[in-house]
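Trainee: Take this structure first; my questions come after.
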Amino acid sequence: MRTGKILLVEDNEDDVLLTLRAFKQNKIANEVIVANDGVEALDLLFGNNSTKPLKPSVILLDLKLPKLSGMEVLKRIQKNKITRGIPVVILTTSNEEDDVVKSYDFGANSYIRKPVDFESFLEVVGQLGLYWLVLNQPPHSTNE
Amino acid sequence: MKVRWVLFVSALLLAGCEKEGQNQAVVCSSQPTSAQANLSSMKSFTYASEPGVQGLETSKTSLFNLLDTSLWPARWNCGIWTPEHGWLYIGSDVAIWLAYFAIPFILGFFYFRQKNEIPFRVVFLLFIGFIITCGLTHLMDAVIFWWPAYKLSAAIRFGTALVSWAAVIGLVKVMPEALELKGIDYYQEKIDTKTLELRKANEELEARINSEIKLKDINTKLLNKISAQNEELKKKNKSLEQLHELFESVQSAAEIGVWEVNLNSNRVYWSDAVYKIHEVEKGTPITVEQGINFYHPDYRGKIEKAIKSAINTGNGWDLNLQLITATGSVLWTKVIGLPVVENGKTVSLRGLFQDITDKVNREKRKESIKRSLEQKVVQRTIELESINKELNAFAYSVSHDLRSPLRSINGFSQALKEDYFEVLDETGKNYLQRISNAAIRMGKLIDELLDLSRLSRKDIQIEKVDLTALCQQIINETSPDPKYEFNIKKNLYLTGDLKLVKIMMENLIGNAIKYSSKIANPRIEIGKQKKNNKQLFFIRDNGAGFDQDYAGKLFGAFQRLHSAEEFEGTGIGLATVKRIINKHGGVIFSDSKVNEGATFYFNLIN
């Protein structure tokens, strides 16, 4: 298992807690950095005067975010050379086809709808960790 | 010809005989001294002599007292007559008289029959007279034996003499001409040639008659043809008349007028309807300028241009123009004009004229109604679009915002159960389980509700769907318990949106499986049959069925006829089916009895 960071962009605290719980139960020990809105997520990714840009192994992105929407964040990530290579998994409540199609169009690597049933969520998160953190080979090493 | 000769010869013969007769008459004696005198004759003589004593002188000298017999005895007493001699004399005279009278009768008969053919008619008549008078003298000779009317005899003889001489003179006059008359042979020859000529002429005539008959025949045929054509023409004429009448009634009914302008004489003809539309008295003479000036000033240029173009190019016009009538009313008129071209030159213009004010007003009203309707449609569309947007936003937020708390409820009750396993007793754990189950069910409800609302918003794409294959595919995907017996009719096809039809059949097959799950030998049949005069598809199961009284609730969202404990479900499936059917314009209805299975009949395009 890689040791890379996971960036979780999620405004709902409950969801953050449950996601972290799911990681834990799936024995995903990677450091999880949480951004509560789109602007914060971009700040973390691109860095600012005081901080260096974060280079996570995977970004888990909710679509419905305050300030800057998840879709906008996705676009910015794909526009930027530094962040373009980071796998982005859309992790959202919406199953609108429009959202799914747009997400892939804008360069999302995966689209996952959060199920109500926590059991199912656990399964999804387990598979997600296995694929993006273990099996997937990113273009450049994000190990630090 | 023969008649002429007979007459002539007989005339000559008679002339000969007459001489003899006269001689005889001369022989007659005037002496009344016969010893064998007839007694009666004697008496009459005696009697006659008695009154004669007084007027003897005058009687003797008078030539005219023709019936005076006083001076002579009857001939029987004149001389001595043996009875044989006397009766021979009398008999012969009577015979001659009869013969002499017979001849002119015969001649007279011919004369009257062939008046025109008889030559020398006067002489002919004279001969007749001559023979009659000769006959009379002989009669007198016989009569004198008893009645001595010598004066009368003399008068008759005198008449005979006159007529005889007239005949002689006539004969002399006509003789040279009569001698010219040709002989029988000549005439026979002539007759023969004439007969020949006549025969020829006859033949020609016959030929002519024959050809005439032929001509007549042709003529008759022609006449027949002509009369037939005449009949046809009459019929056509009649229909034309009817058409004309119809045209006129149409004119007056539709208020269509006819007009004509003769370009040579500049004379304008208006039909009654045209006058009526212009509100001008019928028959008022109109000039071209006056006609044009009736149009609204804004439209005069148009009509003038059209007229010019018609005259120059031969093209007609069909214009809607505003007209100001004689009383100042403003009308809309339809003016159709057609140039009449003769030898490449426009000689007159004629056309139709109609008051279309009502029509134009109606159209204007229609136009304004249409515009306002269109405006309303646009407005409504905008409203609907915004409502739709709101709905979409609502659906989006439902899928997002309503699900998130459910996830929390489920997730944390799960976490509580796991993390505080020891602290919670069985009841507590059961409650938590119920909480998380309820959250899961609500999540499902929300998802299905969303699916349903998405269905309504989706456009359908019609194609031919192999229903048999589709059902088979769904059953394979569902992989139900082997106890189910499926009977799907082959070659079932329908037209509809494939994705929607699949959702529909998934629901229907799913229901059939679900509600027949509790019996030992569940059987599901899919086919097509005639129901209510329509070919309908059906899906039938032998499962739990339902009370048909509640069938009306069947297709409403979240409506259930069974409890969740009995058969699980959200009550969205048949509502979804109904939506899909409605979207295609089809029908669906059920037929069921409790514990006797259920049949759903449906089609997509009604």
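The values are calculated or read from the model by the stated rules, or taken from the named source; none is laboratory data. Since the structure is predicted, the reported quantities are computational estimates derived from the model, not experimental observations. FYI the Cβ positions are ideal-geometry reconstructions off the backbone, even for glycines, and counts take in every protein chain you see. Areas reflect the complete protein model, heavy atoms only, side chains present, ligands, DNA and RNA absent. Shrake-Rupley method; radii C 1.70, N 1.55, O 1.52, S 1.80 Å.
Trainee: Search the stretch B:454-477 for residues being closer than 16 Å to residue B:539 by Cβ and out of contact with any strand residue (DSSP E or B) (no Cβ under 7 Å at 6 or more places or on another chain), and hand back the single one that is most open to solvent (accessible area, probe 1.4 Å).
Mentor: B:473
Trainee: So which residues in the stretch B:253-279 are open to solvent by less than 80 Å² (accessible area, probe 1.4 Å) and over 27 Å from residue B:346 (Cβ atoms), if there are any at all?
Mentor: B:254, B:255, listed by residue number.
Trainee: Counting only residues that are of a type in the set (A, V, I, L, M) and open to solvent by less than 60 Å² (accessible area, probe 1.4 Å), which one in the stretch B:394-425 is nearest to the other protein chains (Cβ to nearest Cβ)?
Mentor: B:406
Trainee: Somewhere in the stretch B:478-492, is a residue part of a helix (DSSP H, G or I) and either open to solvent by 30 Å² or more (accessible area, probe 1.4 Å) or closer than 30 Å to residue B:529 by Cα (or both)?
Mentor: Within the stretch B:478-492, one or more residues are part of a helix (DSSP H, G or I) and either open to solvent by 30 Å² or more (accessible area, probe 1.4 Å) or closer than 30 Å to residue B:529 by Cα (or both).
Trainee: What number goes with the only condition from (1) surrounded by fewer than 17 Cβ atoms within 10 Å (Cβ to Cβ); (2) within 16 Å of the chain's Cα centre (by Cα); (3) among the hydroxyl-bearing types (Ser, Thr, Tyr) that residue A:50 does not pass?
Mentor: (2)
Trainee: Pick from B:583, B:514: which is surrounded by fewer than 20 Cβ atoms within 10 Å (Cβ to Cβ) and within 19 Å of residue B:444 (Cβ to Cβ)?
Mentor: B:514
Trainee: Moving on. Out of B:389, B:444, report the one residue that is closer than 23 Å to residue A:98 by Cβ and within 12 Å of another protein chain (Cβ to nearest Cβ).
Mentor: One residue alone meets the criteria, B:444.
Trainee: Out of curiosity, is residue A:107 at positive phi, part of a loop (DSSP other than H, G, I, E, B) and either surrounded by 15 or more Cβ atoms within 10 Å (Cβ to Cβ) or at pLDDT 85 or above (or both)?
Mentor: So residue A:107 passes the test.
Trainee: Name the pairs whose Cβ atoms lie under 8 Å apart, with the first residue in the stretch B:327-348 and at pLDDT below 90, the second outside any strand (DSSP E or B) and of a type in the set (Asp, Glu), and 6 or more positions between them or separate chains?
Mentor: Cβ pairs passing all conditions: none.
Trainee: From (1) in contact (Cβ under 8 Å) with a residue 24 or more places away in the chain; (2) within 14 Å of chain B (Cβ to nearest Cβ); (3) over 20 Å from residue A:128 (Cβ atoms), pick out the condition that doesn't hold for residue A:53.
Mentor: For residue A:53, the exception is condition (2).
Trainee: So residue B:468 fits all but one of (1) under 17 Å from residue B:527 (Cα atoms); (2) within 60 Å of the chain's Cα centre (by Cα); (3) of a type outside the set (Lys, Arg); what number is the exception?
Mentor: So the condition that residue B:468 fails would be (2).
Trainee: So, residue A:27, is that one more than 14 Å from chain B (Cβ to nearest Cβ), open to solvent by 40 Å² or more (accessible area, probe 1.4 Å) and either under 13 Å from the mean Cα position of the chain (by Cα) or farther than 23 Å from residue A:131 by Cα (or both) or not?
Mentor: no
Trainee: Related question: So, in the stretch B:129-168, how many residues would count as being outside any helix (DSSP H, G or I) and open to solvent by less than 30 Å² (accessible area, probe 1.4 Å)?
Mentor: Residues flagged as outside any helix (DSSP H, G or I) and open to solvent by less than 30 Å² (accessible area, probe 1.4 Å) within the stretch B:129-168 amount to 4.
Trainee: Residues in the stretch A:114-129: is at least one within 14 Å of chain B (Cβ to nearest Cβ), of a type in the set (S, T, N, Q), under 26 Å from residue A:26 (Cα atoms) and part of a helix (DSSP H, G or I)?
Mentor: Yes; the residues of the stretch A:114-129 include at least one that is within 14 Å of chain B (Cβ to nearest Cβ), of a type in the set (S, T, N, Q), under 26 Å from residue A:26 (Cα atoms) and part of a helix (DSSP H, G or I).
Trainee: Further question on the same structure: Whether any residue in the stretch B:433-450 is surrounded by 16 or more Cβ atoms within 10 Å (Cβ to Cβ) and either hydroxyl-bearing (Ser, Thr, Tyr) or more than 26 Å from residue A:122 (Cα to Cα) (or both) is what I want to check.
Mentor: Scanning the stretch B:433-450, I find at least one residue that is surrounded by 16 or more Cβ atoms within 10 Å (Cβ to Cβ) and either hydroxyl-bearing (Ser, Thr, Tyr) or more than 26 Å from residue A:122 (Cα to Cα) (or both), so the answer is yes.
Trainee: Something else about it: How many residues, within the stretch B:309-360, are of a type in the set (S, T, N, Q) and out of contact with any strand residue (DSSP E or B) (no Cβ under 9 Å at 6 or more places or on another chain)?
Mentor: Count: 2.
Trainee: Looking at B:519, B:513, B:503 in this structure, which one is out of contact with any strand residue (DSSP E or B) (no Cβ under 6 Å at 6 or more places or on another chain), under 25 Å from residue B:456 (Cβ atoms) and touching a residue at least 12 places away in the same chain (Cβ under 8 Å)?
Mentor: Going through B:519, B:513, B:503 in turn, just one is out of contact with any strand residue (DSSP E or B) (no Cβ under 6 Å at 6 or more places or on another chain), under 25 Å from residue B:456 (Cβ atoms) and touching a residue at least 12 places away in the same chain (Cβ under 8 Å): B:503.
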